[in-house]
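Q: Please read through the structure below; I'll follow up with questions.
The values are calculated or read from the model by the stated rules, or taken from the named source; none is laboratory data. The model shown is predicted, which means the values in this text are computed figures rather than measured ones. In this analysis, Cβ positions are derived from the backbone assuming ideal geometry, glycine residues included, and neighbour counts consider all displayed protein chains.
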Amino acid sequence: MRGRAPPSAALNDDDRGDEQMNILSRLKVMGAASWRKPGAPGPFQGQPFRGRRGNDMDPVPIKRLAALPLAFTLVLGGASLAAVPAAHAADVAMISVTLDDGWASQYTNALPILNKYGVPATMYIHSGAINAEGNMSQAQIQAFADRGDEIASHTVSHADLTTLTPAQLDTELAQSKAALQQLFGPNAAVDFASPLGAYNPTTTAAVQKYYESQRNTDGGFNTQSTMDRYNILVQNVVETTTALQVQQWITEAKSTNTWLVLVYHEVGAKLGGDVYNTDTAVFDAHMAAVKNSGLPMVTVRQALSGSTPPPPTDPNPAGATAAINAVAAANPGLGAPAGDIVCGLISGGCYRNYAGGAVIWSPATGAHYSVQPIRQAWARTDYERGLLGYPTTDHIGGLVRGGLYQSYQGGAIIWSPASGAHYSVGAIRQVWAGTGYERGGLGYPTTDEIGGLVRGGVYQMYEGGAIIWSPASGAHYSFGAIRQVWAGTGYERGGLGYPTTNEIGGLVRGGVYQMYQGGAIIWSPASGAHYSFGAIRQAWAATDYERGRLGYPTSGEYVSGAGVAQNYEGGRINWTASGGAVVTYK
């Protein structure tokens, strides 16, 4: 029952069709040919790893840093770039294994060993190399995701961020996030690692726009209550790193109550002289030391969210058994138990599978059942580990048109016979609430959130339209006649860009408008919906918009002579490059 399900296929507007390019194909422009291992030549590449940057600090290559004594690497991990919130309320010792770049050898050689010892991993993937020769395929990376590992971002092309223009930097960060979330679901690409360990205040500020953390390659251990989330300290594993050295790092983490982060690259690739390759047998010995450490083994996301405290000494927390049994007794449709109660979930949770579903318990939420049709949608978000967290209610019916929902710590899942089951979270959920949920004009959601739009945008489809979000514009709904006009301009890809408001009424003669990054769309009962932007919009504004003599627009822009024109109830505006915008009244 608790096996992982692959992310659902992205669902698009019926009229978008093939216009939405396959995200991997788009990223190949920057991708497979442009990434390089540390120090190798390639587009956007500068000097090798620079270590922590300061006004009076010389660059420190990563190969030198990895070989430095522990005491000196701790010095390199000095003050943070910026004050950030504490990752935990209290400091605890724990350990994370991270693997960079998405090498095929990580699937072939590392994954069986991780499975052997039950060690979770955080995989930092540069999205442009997926399916490239020598790198993992999408299916191979999915195998890590299916076992609960974190899929995190390492840019599109493994570029040295400090050498990029602002536009290139934003593209590397935004498109990698969009690609990984499109391929591996909304829980992917929450965290980030800087290629080559190269960073500075400018690149870190850019990373903060898209990601919740940044792992560089500065050496040291992390004290959760005071650490900098945007410079997670690590121990760099190289070809000469022994199991004894790993054990010494573990001992240090235990004695100081700190978080140890191990960084691996290739495993057993036998590249001959490559300092970043770890022999397969050596990797096995390292993972044995990690497993036998007794420390909580966590992904980077789990460590930063505080969702995985040290395992409870009691394998079945007080109250869990009674609560789970009570829910099962009250809901005989669950059927017979399909196993024992299993504990050790994040935040101290437990569950028990039944023939017809499961009952999940946590100290914070109590016990609630999880059954179809909502359970499948929860599985798509990675159960309690995902963005929804634990259920906080059982199913609640009585919605319009036979719908029902279940609330979770991070949102809700809503089902109806016509729309199926889909989650509702965050800013998009807030906008949907403002429309009256399923009772309003949008109706029920018909997809989960879908990423991959330009400039980091996300949207969710509903029976009556969509809600669209981007970092710059926020979340706003789109439906009806105004949405049809926006579709005709190419949605967010066109000249109008993203909507920046919901629809706003109160115009003369019953009119309504919606603002966009590049202009507006205006509707009235008499004129219909038409866009307004650019020089012609400025000329219309000078006549006092729809309140003036021109009234509402009655057409979009069209070619007229040497320029373009737009018709209005009371006249026309013509524009040419030589003469600008000229108003003509009827």
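Q: Out of all the residues in the range 385-396, is one or more among the aliphatic types (A, V, I, L, M), surrounded by fewer than 18 Cβ atoms within 10 Å (Cβ to Cβ) and in contact with a strand residue (DSSP E or B) (Cβ under 8 Å, 6 or more places away or on another chain)?
A: So far as the range 385-396 goes, yes, one or more of its residues are among the aliphatic types (A, V, I, L, M), surrounded by fewer than 18 Cβ atoms within 10 Å (Cβ to Cβ) and in contact with a strand residue (DSSP E or B) (Cβ under 8 Å, 6 or more places away or on another chain).
Q: With the range 397-447 as the region, which strands (runs of 3 or more DSSP E) entirely inside it contain at least 1 residues that are free of Cβ contacts under 8 Å to residues at least 60 places away in the same chain and over 24 Å from the mean Cα position of the chain (by Cα)?
A: Here the list reads 404-408, 411-416.
Q: Here are 118, 134: which of them is closer than 20 Å to residue 265 by Cβ and at pLDDT below 95?
A: 134
Q: Right, here's the next one. Which pairs have Cβ atoms under 7 Å, sit 6 or more apart or on different chains, and link a residue in the range 491-512 that is within 17 Å of residue 481 (Cβ to Cβ) and touching a residue at least 24 places away in the same chain (Cβ under 8 Å) to one that is acidic (Asp, Glu) and in a loop (DSSP other than H, G, I, E, B)?
A: 512/503
Q: Return the pair list, or none, for Cβ contacts closer than 8 Å from residues in the range 218-242 that are at negative phi to residues that are surrounded by 21 or more Cβ atoms within 10 Å (Cβ to Cβ) and among the basic types (Lys, Arg), at least 6 apart or on different chains.
A: Partner pairs satisfying both residue conditions: 218/52; 231/52; 232/215; 234/215.
Q: Another question about this same structure. Looking at the range 528-547, I want the residues that are touching a residue at least 12 places away in the same chain (Cβ under 8 Å) and have a partner that is surrounded by fewer than 20 Cβ atoms within 10 Å (Cβ to Cβ) and hydroxyl-bearing (Ser, Thr, Tyr) with Cβ atoms under 8 Å, at least 6 apart or on another chain. Which pairs are those?
A: From residues that are touching a residue at least 12 places away in the same chain (Cβ under 8 Å), the pairs are 528/554; 530/554; 530/555; 531/489.
Q: Right, next: Here is a list of conditions, (1) in contact (Cβ under 8 Å) with a residue 24 or more places away in the chain; (2) farther than 21 Å from residue 134 by Cβ; (3) polar (S, T, N, Q), and residue 280 meets all of them except one; can you say which number that is?
A: Among (1) in contact (Cβ under 8 Å) with a residue 24 or more places away in the chain; (2) farther than 21 Å from residue 134 by Cβ; (3) polar (S, T, N, Q), residue 280 violates only (2).
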